[in-house]
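Take a look at the structure set out below.
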Amino acid sequence: MSRARRAKSDAEDGSLAQRVIGIAGWKNSGKTTLTERLVAELSARGWSVSTVKRAHHEADIDREGTDSFRHRSAGASEVMLVTPLRWALMHELREEPEPDLEAMLARLSPCDLVIVEGYKGTPHPKIETRRIEAKDQTPLPASSNVIAIAADHAIADAAVPVFELDAVPAIADFVEAVTDLR
């Protein structure tokens, strides 16, 4: 059990009020590394952390020849794979549009914090990642709700706090403060 209060039901509509922080940036900017390290740091501090990863390419956690693959191929709209160590739910969109982030967050179990990797265009607060190798890429637009930058190089005239990309404990302190985890 985590030390924080669990997510509470919203008084108006009954939906879960998850705390969310995003990690966003362009390709190879350090998003996954920072997400992984923040999950480890915040979990070590006793918080229950879940993640949502937005992939722009097709990704399949199943493989041809497995029973679950056969169920999906036969037309099952959802297939749940259960093992002694974990379970996974695969939902086939077929002709449905991709669900928005809010719909995906509603499917998660209650936790102290959800770290969202990707979803640059949604309004949740984000930490933008930047690497020197990608310095020619434009910063995320102001409409992206960037509240901090984590970079491996100096950022001049930033309107938000700037952290060294490897300063994970300091970034975790910031995340705790802005998401009211403390």
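Select the strands (runs of 3 or more DSSP E) contained entirely in segment 23-99, then report the ones holding at least 2 residues which are free of Cβ contacts under 8 Å to residues at least 24 places away in the same chain, of a type in the set (A, V, I, L, M) and more than 30 Å from E128 (Cα to Cα).
78-82
Criterion first (outside any helix (DSSP H, G or I) and more than 22 Å from L38 (Cβ to Cβ)) does D157 satisfy it?
For D157, the condition - outside any helix (DSSP H, G or I) and more than 22 Å from L38 (Cβ to Cβ) - is met.
How about segment 75-111: which of its residues are of a type in the set (V, I, T) and in contact with a strand residue (DSSP E or B) (Cβ under 7 Å, 6 or more places away or on another chain)?
Within segment 75-111, just V79 meets the criteria.
Within segment 145-155, does at least one residue satisfy the condition of being free of Cβ contacts under 8 Å to residues at least 12 places away in the same chain and aliphatic (A, V, I, L, M)?
Yes: one or more hits.
Looking at (1) assigned to a loop (DSSP other than H, G, I, E, B); (2) buried (at least 18 other Cβ atoms within 10 Å of the Cβ), can you tell me which one P110 breaks?
If we test P110 against (1) assigned to a loop (DSSP other than H, G, I, E, B); (2) buried (at least 18 other Cβ atoms within 10 Å of the Cβ), just (2) comes out false.
Does I132 fit the bill of being closer than 21 Å to K31 by Cβ and either without any contact (Cβ under 8 Å) to a residue 40 or more places away in the chain or surrounded by fewer than 16 Cβ atoms within 10 Å (Cβ to Cβ) (or both)?
So I132 passes the test.
Values in this text are rule-based calculations from the coordinates and carry no lab data. Being a predicted model, the structure only gives us computed values, none of them experimental. Neighbour counts run over all protein chains shown; Cβ positions are idealised from the backbone, glycine included.
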